[in-house]
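In what follows, a structure is listed as structure tokens, so that the remarks can point back to it.
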Amino acid sequence: MVQVTDYLYVVRDDQILNNEPIIKGTRTPVRAVVETWRMGV
């Protein structure tokens, strides 16, 4: 089941990545985006 968050493009889905926050419409975890941003890429 998809759960809405406070952010427009971030959702949680218990069937994708164990309910980890992901970018809406993808399987990309928010964690991956943040880690890439922190590395300066």
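Please treat every number below as a calculation from the coordinates, not as lab data. Bear in mind that the values here come from a model prediction, so they are computed numbers and not experimental data. Cβ: placed from backbone, ideal geometry, glycine included. Neighbour counts: every protein chain shown.
Observations on the structure shown:
- The set of residues in the range 1-27 that are in a strand (DSSP E or B) and β-branched (Val, Ile, Thr) comprises Val2, Val4, Val10, Val11, Ile22, Ile23.
- Among the residues of the range 27-41, those that are of a type outside the set (A, V, I, L, M, F, W, C) and either loosely packed, with under 10 Cβ neighbours inside 10 Å or within 8 Å of the chain's Cα centre (by Cα) (or both) comprise Arg27, Thr28, Pro29, Arg31, Arg38, Gly40.
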